[in-house]
Amino acid sequence: MAIKNKKINTCSALYTTKVMEIFKNPHNFGKIKNADGIGKVGNIICGDVMWLYIKVAENKKKKEIIKDIKFETFGCVAAISTSSMITDLVKGKTIKQALKVKKDNIIKKLGGLPSIKYHCSVLAVDALTEAIYDYYLKQGKDFPDELLERHKKLKKDKGE
Amino acid sequence: MDRIYLDYSATTPVDKRVLKAMEPYFSEEFGNSMSLHSFGQSAKLALENSRAVLAELINAKPNEIIFTSSATESNNTVLKGIALTKKSGHIIISSIEHPCIIESANWLEKQGFEITELPVDKFGMINVEDVKNAIKENTILVSVIHASNEIGTIQPIAEIGKICKEKGVLFHTDASQSFGKELIDVEKMNIDLLTASSHKIYGPKGVGLLFIKNGIRIEPLLHGGGQENGMRGSTVNIAGIVGFAKAAGICKKEMKKENKRLIALRKELIKGVLKIKNSYLNGHPEKRLANNANFSFDFIEGESLLMQLDMEAIACSTGSACSSFKLEPSHVLLATGIKPEQAHGSLRISLGRFTTKKDIKKVLKVLPKIVQKIRDISPYK
């Protein structure tokens, strides 16, 4: 049945307008070929899987920065919008700065998330952690202490 | 852009004819059906006429129908009311019941009752032999949903009713989705108790009914002023009940023609949707409600799919975990044996009285693009 109503597309009591906007047009999705680091988190049985690809370069001050970042996500509106948001938040940032991004930064930037969906923002931070860890691993570099701890905790939570 | 509603299994709009029938019962004929004056008696007459219309639809007697506030209340009344009457025993339900049956059964289990959940096959169908084998000496009730709200599968309730009668066990069916849409005869089908709901058949929300075969003792949940033969205290919702009866009358008259129309529309829908790669139809290919189609799409998640469709002004439903408050995928889809990831990627499209060929065409035009868009974002291809 055709129901006349001009107020469509904005009516969600669950998600903020910002979340819906990003969900409609997510940024930086897809693969990076020859990525310097890949972070794969989540579990398809639970319904959320996030893969983050990063390309690392040095800036003028010789600091390592995330030159490019892309995501592939199997998941709900919240999972897709948090994926997109974390790519926006860390693109161009130094690795040190990127590791400072926490779930609350993502939630704030999205104008809020339903509490039942907070785990999606955690997943985004975890994916980034794992992508950076993978980069260090491939480069044979020493891991910063915090990164190693975060990686170990994720593996432990996963039961590996 | 006009919105297309394809979630008729969730709820339906009130039919304008129904609304018209209800109108006098708000401000003119507003009496309390328990009052002896003319205001009250006018309401009482409307109440009893409505009861008769609804009883006739399932070949019951008017005094075997009580009105409730919802199918959830009716189902709670059956499980808890029978349990309270019998004090102890064993209850059999299916694994694809509505949460209000499952949660009531879980609660009763905590109170010391024994619960058996019958499995279903890949089409969501119960094996009648399983019912026979599950009935024990202390079984007090068998409750099986007539038609699944999620996958539309219609159970062989006449056969189950026959077995229950032979074994002397009470048989209840939740007919929320089938009442007014499929022929139901409580006598021929040996149904002892039956639940139905108004808002699934173009009536108002907030009204349900419970058929209780004469002679069955059942404890009420709401004790009060003696309404509904002492079975449910509460001033009756006259406008709602009048609307329910009007809605049922229309369904009865239009059922055959409407089902034929819906089946043709759905056939077109299924044919078109299954052209999308890695898509499947959930539920039974034939033994299903005329208005129900339920699909799974590999590699994508249902809430995203639903919300993308919503942005294209198409309203459907999903069995994905992300859309449920428990964050678990549909127990009905899992009971049919599909993988959790396929349950996550499910989409229920339920048609109804106001669905047109044009609506289906729009879905078939939009859906493949949206599935592709979400698959492009997904790591799985």
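Alpha carbon centre of region B:50-89 versus region B:298-318: separation in Å?
After rounding, the separation between the Cα centres reads 36 Å.
Whose amide H sits under 5 Å from the amide H of B:Ile314, counting only residues 5 or more places off or on another chain, with H placed in the peptide plane?
The answer is B:Ile4.
Can you list which of the trypsin sites (Lys or Arg not before Pro) found in region A:44-153 are DSSP loop residues with at most 14 other C-beta atoms within 10 Å?
Filter output for region A:44-153: A:Lys60, A:Lys61, A:Lys62, A:Lys63, A:Lys100, A:Lys102, A:Lys141.
Taking the Cα centre of chain B as origin, work out the dipole magnitude from +1 charges on Lys and Arg Cβ and -1 charges on Asp and Glu Cβ, in debye rounded to 20.
My answer is approximately 1320 debye.
For the protein assembly as shown, what is the largest minus smallest coordinate of the Cα atoms on each principal axis, given in angstrom and ordered from greatest to least?
So the three principal-axis extents are 91, 54, 43 Å.
What is the pair-distance distribution P(r) of region B:1-141, computed from all Cα-Cα distances in 10 Å bins starting at 0, with each bin given as a whole percent?
Distribution as computed: 9, 24, 29, 22, 14, 2 percent.
Residues with beta-carbon under 10 Å from that of B:Val186, excluding B:Val186: net charge, scoring Lys, Arg +1 and Asp, Glu -1?
Neighbour charge sum, excluding B:Val186 itself: -1.
With θ set to phi - 60° and the Karplus curve 6.51 cos²θ - 1.76 cosθ + 1.60, what are the ³J(HN,Hα) couplings of region B:138-154 in order, to the nearest whole Hz, using x for Gly and Pro?
9, 5, 9, 7, 10, 10, 10, 5, 5, 10, 5, 5, 9, 10, x, 4, 9
Show log10 I(q)/I(0) for region B:225-381 at q = 0.09, 0.11, 0.14, 0.20 Å⁻¹, two decimals, from a solvent-free Debye sum over equal Cα scatterers.
With no solvent term, the Cα-only Debye profile gives -0.39, -0.55, -0.78, -1.21.
Could you work out the relative contact order of chain B, using alpha carbon pairs under 8 angstrom and six or more residues apart, expressed as a whole percent?
In percent, rounded to a whole number, it is 22.
Quick one: net charge around B:Leu305, please, counting Lys, Arg +1 and Asp, Glu -1 for every other residue with C-beta under 14 Å from its C-beta.
-3
Using a 10 Å cut-off around each Cβ of peptide B:2-13, what is the average number of partner chain Cβ atoms that fall inside?
Partner-chain Cβ atoms within 10 Å, mean over residues of B:2-13: 2.
Check which residues have an amide H placed less than 5 Å from A:Lys93's amide H, if you skip close sequence neighbours.
Those lying under 5 Å, H to H, from A:Lys93 are A:Ile66.
Which value in deg cm²/dmol, rounded to the nearest 500, describes the helix-derived mean residue ellipticity at 222 nm for the protein assembly as shown, given -39,500 (n - 2.57) per DSSP H run of n ≥ 4 and division by the residue count?
Value at 222 nm, helices only: -13000 deg cm²/dmol.
If you filter region B:296-379 for trypsin sites (Lys or Arg not before Pro), then keep DSSP loop positions with at most 12 other Cβ within 10 Å, what is left?
When the trypsin sites (Lys or Arg not before Pro) of region B:296-379 are filtered for loop state and at most 12 Cβ neighbours within 10 Å, B:Lys326 remain.
How large is the charge dipole for the protein assembly as shown, taken about the Cα centre, if only the Cβ atoms of Lys, Arg (+1) and Asp, Glu (-1) carry charge, to the nearest 20 debye?
The calculation lands at about 2220 debye.
Between exposed GluC sites (Glu not before Pro) in chain B, where DSSP calls loop and at most 14 other Cβ atoms lie within 10 Å, what's the longest gap?
It runs B:29-136.
Once you compute Rg and the Kirkwood Rh from C-alpha atoms, what is the Rg to Rh ratio for chain B?
With Rg and the Kirkwood Rh in hand, the quotient comes to 0.98.
Once the other residues with Cβ under 11 Å from the Cβ of B:Ile140 are scored (Lys, Arg +1; Asp, Glu -1), what is the net sum?
+1
So if the hydrodynamic radius of chain A is defined as the Kirkwood radius over C-alpha pairs, what does Stokes-Einstein give as its diffusion coefficient at 37 °C and 0.692 mPa s, in µm² per second?
201
If amide H atoms are built 1.01 Å from N in the plane of the peptide, which residues on other chains or at least 5 residues away come under 5 Å of the amide H of B:Gly89?
Excluding prolines and chain starts, which carry no amide H, the hits are B:Glu114.
Would you work out the Kirkwood radius for region B:140-225? I mean one over the mean of 1/r across all pairs of different Cα atoms, in Å.
Averaging 1/r across every pair of different Cα atoms and inverting gives 13.7 Å.
From the backbone phi of region A:154-160, what are the Karplus-calculated ³J(HN,Hα) couplings (6.51 cos²θ - 1.76 cosθ + 1.60, θ = phi - 60°) in whole Hz, Gly and Pro given as x?
My calculation for region A:154-160 gives 4, 5, 5, 4, 7, x, 9 Hz in order.
How large is ³J(HN,Hα), in whole Hz, for each residue of region B:72-81 in order, when computed from phi with the Karplus curve 6.51 cos²θ - 1.76 cosθ + 1.60 and θ = phi - 60°, using x for Gly and Pro?
So the J values, rounded to whole Hz, are 4, 5, 4, 5, 4, 4, 5, 5, 6, x.
When only Cα pairs under 8 Å and 6 or more residues apart are kept, what is the percent relative contact order across chain A?
Relative contact order of chain A: 25 percent.
For chain B, which cysteines have no second Cys with its Cβ under 4.7 Å from theirs?
Lacking a cysteine Cβ partner under 4.7 Å: B:Cys100, B:Cys164, B:Cys251, B:Cys316.
Throughout, read-outs are computed from the coordinates displayed, never taken from laboratory work. Because the structure is a prediction, the values reported are computed rather than measured. Don't worry about glycine lacking a Cβ; one is built from the backbone with ideal geometry, like all the others, and counts go over all protein chains shown.
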